[in-house]
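Chemist: Submitted below is the structure of interest, expressed as structure tokens.
The values are calculated or read from the model by the stated rules, or taken from the named source; none is laboratory data. This one's a predicted model, so the numbers in the text were calculated from it and none came from an experiment. No Cβ is skipped: glycine too gets one built from the backbone with ideal geometry, and neighbour counts run over all protein chains shown.
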């Protein structure tokens, strides 16, 4: 299994909306590195759901339920989507400030590549963030 982080501005699409919808496809990605990360995702992989711009924290865990296919919001074949379902709301959201303050996470893509909307997360980073959230891994 691989681990990821997906970002969304809560006013555009929030964790609560994903829970309400039960499933969504992750569209609108127009960055090649983020697109390549979507293409690398496999069914069953887990992703931190991160609220960007407001909240600025990891709030939940989503699960890949369908691997990449053509983004239905564009005719451009370069862009793809992945379908996610809510897996678990975190007991305690983990703010970016806490992640940045933890020296064990200094190399995490969220710290180094802050603007990338779809990012890989190492297994060790996953465990640390889950621990910070009060979750068992």
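Results for (1) in contact (Cβ under 8 Å) with a residue 24 or more places away in the chain; (2) under 21 Å from residue 64 (Cβ atoms), shown as yes or no for each residue.
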{"position": "78", "(1), (2)": "yes, yes"}
{"position": "82", "(1), (2)": "yes, yes"}
{"position": "86", "(1), (2)": "yes, yes"}
{"position": "90", "(1), (2)": "yes, yes"}
{"position": "93", "(1), (2)": "yes, no"}
{"position": "100", "(1), (2)": "no, no"}
{"position": "110", "(1), (2)": "yes, yes"}
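Chemist: Just checking, does region 93-100 include any residue being surrounded by 14 or more Cβ atoms within 10 Å (Cβ to Cβ) and closer than 17 Å to residue 1 by Cβ? Spell out how you get there, then give the answer.
Modeler: Step one: list which residues in region 93-100 are surrounded by 14 or more Cβ atoms within 10 Å (Cβ to Cβ), which gives 93-96, 98-100.
If we keep only those that are closer than 17 Å to residue 1 by Cβ too, we end up with none.
Within region 93-100, not a single residue is surrounded by 14 or more Cβ atoms within 10 Å (Cβ to Cβ) and closer than 17 Å to residue 1 by Cβ.
Chemist: Another one. If I ask for residues that are surrounded by 18 or more Cβ atoms within 10 Å (Cβ to Cβ) and more than 19 Å from residue 90 (Cα to Cα), which ones from region 25-56 would you list?
Modeler: 26, 29, 34, 35, 37, 38, 41
Chemist: Quick one: which helices (runs of 4 or more DSSP H) lie wholly within region 69-137 and hold at least 2 residues that are under 18 Å from residue 8 (Cα atoms)?
Modeler: Numbers: elements: 96-101, 109-112, 123-132.
Here the list reads 96-101, 109-112.
Chemist: Can I ask one more? Could we say that residue 18 is touching a strand residue (DSSP E or B) at 6+ places or on another chain (Cβ under 6 Å), farther than 23 Å from residue 122 by Cβ and touching a residue at least 60 places away in the same chain (Cβ under 8 Å) here?
Modeler: Numbers: touching a strand residue (DSSP E or B) at 6+ places or on another chain (Cβ under 6 Å): yes; farther than 23 Å from residue 122 by Cβ: yes; touching a residue at least 60 places away in the same chain (Cβ under 8 Å): yes.
Yes: the conditions hold for residue 18.
Chemist: Of everything in region 9-23, what is in a helix (DSSP H, G or I) and surrounded by fewer than 17 Cβ atoms within 10 Å (Cβ to Cβ)? Give them in sequence order. Give the steps one after another, and end with the answer.
Modeler: In the first step, residues of region 9-23 are kept if they are in a helix (DSSP H, G or I); the result is 15-21.
Answer for region 9-23, where residues must be in a helix (DSSP H, G or I) and surrounded by fewer than 17 Cβ atoms within 10 Å (Cβ to Cβ): 16, 17, 19, 20, 21.
Chemist: Modelled with pLDDT of 95 or more, in a strand (DSSP E or B), under 26 Å from residue 132 (Cα atoms) and within 12 Å of the chain's Cα centre (by Cα) - does that describe any residue in region 24-47?
Modeler: Looking through region 24-47, at least one residue is modelled with pLDDT of 95 or more, in a strand (DSSP E or B), under 26 Å from residue 132 (Cα atoms) and within 12 Å of the chain's Cα centre (by Cα).
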